[in-house]
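To start, the structure under review is shown below, and the notes come after it.
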Amino acid sequence: MPVLTRLIPSPLVVDIRPGALDDLACVLADERISTSGRLAVAVSGGSGAKLRERIAPTLPGATWYEVGGGTLDDAVRLAGDIKAGHYDAVVGLGGGKIIDCAKFAAARVGLPLVAVPTNLAHDGLCSPVATLDNDAGRGSYGVPNPIAAVIDLDVIREAPARFVRAGIGDAISNINAIADWELSNRVTGEKIDGLAAAMARQAGEAVLRHPGGIGDNAFLQVLAEALVLTGIAMSISGDSRPASGSCHEINHAFDLLYPKRAASHGEQCGLGAAFAMYLRGAHEESAYMAEVLRRHGLPVLPEEIGFTVDEFVRAVEFAPETRPGRYTILEHLDLKTDQIKDTYADYVKAIGS
Ligand SMILES: [Zn+2]
């Protein structure tokens with residue numbers, strides 16, 4: 001009997017628990033990712049300094065590289081610096097910008113990347129994409145999935161609450177992204193990868209329905225796992241489809257139209273998802289999403305992140321242009337300004353204030 005199967009591109013190590021960072025060197029040695037201990041560790045100059053002080057003694061063979069920011073130039077510079085050494089792997093230790101720089105640099109020099117995120121702001125921590133600022137604004141660069149994701153919940157608890165909460169919005173928005181994917185499947189015949197969709201949806205549902213908050217480790221564990229699984233779902237489907245639909249188009253529109261004022265990715269995606277679910281007629285799901293986002297202190301109305309209703313309406317109208325070729329509820333309904341305004345008024349009534 002033939003046994004048909006497929007290999008899933010996934011990290012060798014996923015280690016999510018309090019204190020995980022202290023065992024980093026052992027885990028990398030045990031899994032043969034770094035038997036010599038020679039590691040290039042990318043950290044930020046600011047918040048990374050304290051962590052460096054703490055874990056440097058456990059990584060005697062490491063060379064530390066300070067990364068300035070999250071630009072393509074920073075990433076290219078890091079790759080150039082690393083190239084001169086003999087390393088087993090690159091470790092990205094920090095927030096999204098550091099991890100993305102490290103991902104890009106590791107790919108460029110052909111080394112595996114170990115992602116050690118210090119916050120849970122979005123699902124990029126274990127995804128095959130590096131988002132970097134370039135001369136044209138912001139670009140997404142395809143890179144291999146990290147070979148390991150090590151998330152120390154004790155470190156996460158020390159991150160500013162806003163950077164941890166934001167990930168809740170990004171995880172929950174998976175549910176909206178999958179609804180868009182299914183809509184496109186029905187209308188345009190776009191193929192759905194059922195495994196990728198299942199992983200991304202379950203990740204979103206687990207976070208949506210978990211009764212805890214960012215103050216407790218049980219919730220942080222589920223949130224971190226959800227973000228890792230979402231990244232792997234993107235690797236499986238080969239694009240961001242499992243985690244990015246109309247919610248993300250609205251988020252990109254905020255970034256592009258109001259670059260200096262935009263809120264964080266996860267905050268904008270959560271708000272975008274609650275509104276987009278309402279647009280598609282999933283009113284109960286939208287209201288529940290809004291209730292959960294509120295409970296976690298995340299925005300559900302544009303005013304809560306400093307935008308007027310008109311600015312939000314403009315963002316929703318502009319959103320489809322941010323991802324040409326991606327079919328979502330926004331392209332499907334093709335709403336005019338007044339229709340968006342009216343629906344927004346109904347959404348506000350439905351979620352209550
Ligand atoms: Zn996202």
Check: Inside the range 163-194, can you point out the residues that are away from the ligand (no atom under 16 Å from the Cβ) and of a type outside the set (Gly, Ala, Ser)?
Finding: GLU182, LEU183, ASN185, ARG186, VAL187, THR188, GLU190, LYS191, ILE192, ASP193
Check: Does the range 54-63 contain at least one residue that is within 25 Å of the chain's Cα centre (by Cα) and in the same structural domain as LYS103 (by TED's automatic domain parsing)?
Finding: no
Check: Out of all the residues in the range 102-129, which are within 23 Å of GLY85 (Cα to Cα) and either under 15 Å from the mean Cα position of the chain (by Cα) or part of a loop (DSSP other than H, G, I, E, B) (or both)?
Finding: LYS103, GLY110, LEU111, PRO112, ALA115, VAL116
Checklist line | Test for LYS97: is it modelled with pLDDT of 95 or more, more than 28 Å from TYR288 (Cβ to Cβ) and not small (Gly, Ala, Ser) | finding: no
Next item on the list: Give the range 147-163 a look and list any residue that's at pLDDT 95 or above and either under 13 Å from the mean Cα position of the chain (by Cα) or not in a helix (DSSP H, G or I) (or both), or say none.
Entry: ILE147, ALA148, ALA149, VAL150, ILE151, ASP152
Checklist line | Subset of the range 1-39 [within 16 Å of ILE147 (Cβ to Cβ), under 26 Å from the mean Cα position of the chain (by Cα) and of a type in the set (Asp, Glu)] | finding: ASP15, GLU31
Next item on the list: Determine whether the range 253-272 contains at least one residue that is surrounded by fewer than 24 Cβ atoms within 10 Å (Cβ to Cβ), among the acidic types (Asp, Glu) and outside any helix (DSSP H, G or I).
Entry: no
Next item on the list: Kindly provide the set of residues from the range 186-237 that are surrounded by fewer than 17 Cβ atoms within 10 Å (Cβ to Cβ), assigned to a loop (DSSP other than H, G, I, E, B) and of a type in the set (Asp, Glu), ordered by number.
Entry: GLU190, ASP216
Notebook entry, point to check: Would you say ALA350 is of a type outside the set (D, E, K, R) and crowded, with 20+ Cβ neighbours inside 10 Å?
Noted result: no
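Would you confirm, using the coordinates I've provided, whether ARG108 is within 16 Å of the ligand (Cβ to nearest atom), surrounded by fewer than 23 Cβ atoms within 10 Å (Cβ to Cβ) and in contact (Cβ under 8 Å) with a residue 24 or more places away in the chain?
Spelling it out, it is not the case that ARG108 is within 16 Å of the ligand (Cβ to nearest atom), surrounded by fewer than 23 Cβ atoms within 10 Å (Cβ to Cβ) and in contact (Cβ under 8 Å) with a residue 24 or more places away in the chain.
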Next item on the list: Please go through the range 73-84 and pick out each residue that is out of contact with any Lys or Arg (no Cβ under 7 Å at 6 or more places or on another chain) and either among the hydrophobic types (A, V, I, L, M, F, W, C) or assigned to a loop (DSSP other than H, G, I, E, B) (or both).
Entry: ALA75, VAL76, LEU78, ILE82, ALA84
Notebook entry, point to check: What pairs come up if the first residue lies in the range 29-55 and is under 21 Å from PHE104 (Cα atoms), the second is basic (Lys, Arg) and modelled with pLDDT of 90 or more, and their beta carbons are under 7 Å apart, counting only those six or more places apart or on different chains?
Noted result: VAL43/ARG52
Notebook entry, point to check: Can you pull out the residues in the range 318-345 that are of a type in the set (Asp, Glu) and surrounded by 20 or more Cβ atoms within 10 Å (Cβ to Cβ)?
Noted result: GLU331
Notebook entry, point to check: Taking the range 208-260, which residues are within 13 Å of the ligand (Cβ to nearest atom) and among the β-branched types (Val, Ile, Thr)?
Noted result: THR230, ILE250
Notebook entry, point to check: When you scan the range 36-69, how many residues do you find that are farther than 18 Å from VAL114 by Cβ and surrounded by 21 or more Cβ atoms within 10 Å (Cβ to Cβ)?
Noted result: 0
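The values are calculated or read from the model by the stated rules, or taken from the named source; none is laboratory data. This one's a predicted model, so the numbers in the text were calculated from it and none came from an experiment. So basically every Cβ, Gly included, is an ideal-geometry build from the backbone, and we count neighbours across all protein chains shown.
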